[in-house]
Amino acid sequence: MTISLDIVTPNGSVFFEEDCEIIILQSKQGELGVMAGHIPTVAALKIGSLRAKINGQFEYFAVTEGFAEINPSKVTVLVQAGEFAEDIDTERAEAARQRAEELLQQSQDEKIDRYRAELALRRAMNRIEVARHR
Ligand code: ATP
């Protein structure tokens, strides 16, 4: 038995696969492995990797914060952005990381800007990390 995976962003579905053996998500509570037959639930996701075993091999994705809706035969991942490891532009992620780090050094007193810069830094570092799996 397999489980399907749909990764949906505001731009629409960026990945769909009918036959996943297991889907491993990074939830705010920790790592969560989902196989066919899982009880229905919703999990909040953190910026991190998502990996799915398809035809015996893990495929890696970088995802931003969002939610996963889990059903016995389907996982729907709703995120602002998600990229297949192979599609990640590492130079762009490296530039984003540098920009975020510079902002964090400048904006010691501005709480909102710091928070946004910290999230941008986490997205960039996550993309750099996930891009190693290709
Ligand atoms: P940047 O500052 O480089 O735009 P960001 O973290 O602000 O990075 P997001 O807002 O998370 O970018 O994503 C905007 C869009 O760009 C999404 O469609 C996302 O998939 C894509 N994207 C962002 N960074 C990369 C990357 N390094 N490689 C490929 N696609 C990317």
Filter the stretch 111-129 for residues that are hydrophobic (A, V, I, L, M, F, W, C) and farther than 15 Å from GLU65 by Cβ and give the result. ILE112, ALA117, ILE128
Assess whether ASP109 counts as being at pLDDT below 95, over 23 Å from LYS28 (Cα atoms) and out of contact with any Leu (no Cβ under 9 Å at 6 or more places or on another chain). yes
In the stretch 81-92, the residues that are surrounded by fewer than 19 Cβ atoms within 10 Å (Cβ to Cβ), more than 6 Å from the ligand (Cβ to nearest atom) and outside any helix (DSSP H, G or I): PHE84
Every residue in the stretch 56-70 that is surrounded by fewer than 19 Cβ atoms within 10 Å (Cβ to Cβ) and touching a strand residue (DSSP E or B) at 6+ places or on another chain (Cβ under 8 Å), please. PHE58, GLU65, PHE67, GLU69
Looking at the stretch 121-128, can you tell me whether even one residue there is touching a Phe, Trp or Tyr at 6+ places or on another chain (Cβ under 7 Å) and in contact (Cβ under 8 Å) with a residue 60 or more places away in the chain? no
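Every residue, every condition in (1) assigned by TED's automatic domain parsing to the domain that holds ASP19; (2) within 14 Å of the ligand (Cβ to nearest atom); (3) surrounded by 17 or more Cβ atoms within 10 Å (Cβ to Cβ); (4) assigned to a loop (DSSP other than H, G, I, E, B), yes or no:
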residue: ALA43; (1), (2), (3), (4): yes, no, yes, no
residue: GLU94; (1), (2), (3), (4): no, yes, no, no
residue: ALA120; (1), (2), (3), (4): no, yes, yes, no
residue: ASN126; (1), (2), (3), (4): no, yes, yes, no
Mind listing whichever residues of the stretch 71-80 are surrounded by 13 or more Cβ atoms within 10 Å (Cβ to Cβ), more than 9 Å from the ligand (Cβ to nearest atom) and outside any strand (DSSP E or B)? PRO72
I need the full set of residues from the stretch 102-115 which are exposed (fewer than 15 other Cβ atoms within 10 Å of the Cβ) and within 13 Å of the ligand (Cβ to nearest atom), in order please. GLU102
If you check GLU101 against the conditions, is it touching a residue at least 12 places away in the same chain (Cβ under 8 Å), assigned to a helix (DSSP H, G or I) and touching a Lys or Arg at 6+ places or on another chain (Cβ under 9 Å)? no
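The values are calculated or read from the model by the stated rules, or taken from the named source; none is laboratory data. What you are looking at is a predicted structure, and each value in this text was computed from that prediction instead of being measured. For neighbour counting, all protein chains shown are included, and Cβ atoms are generated from backbone atoms with ideal geometry for every residue, glycine included.
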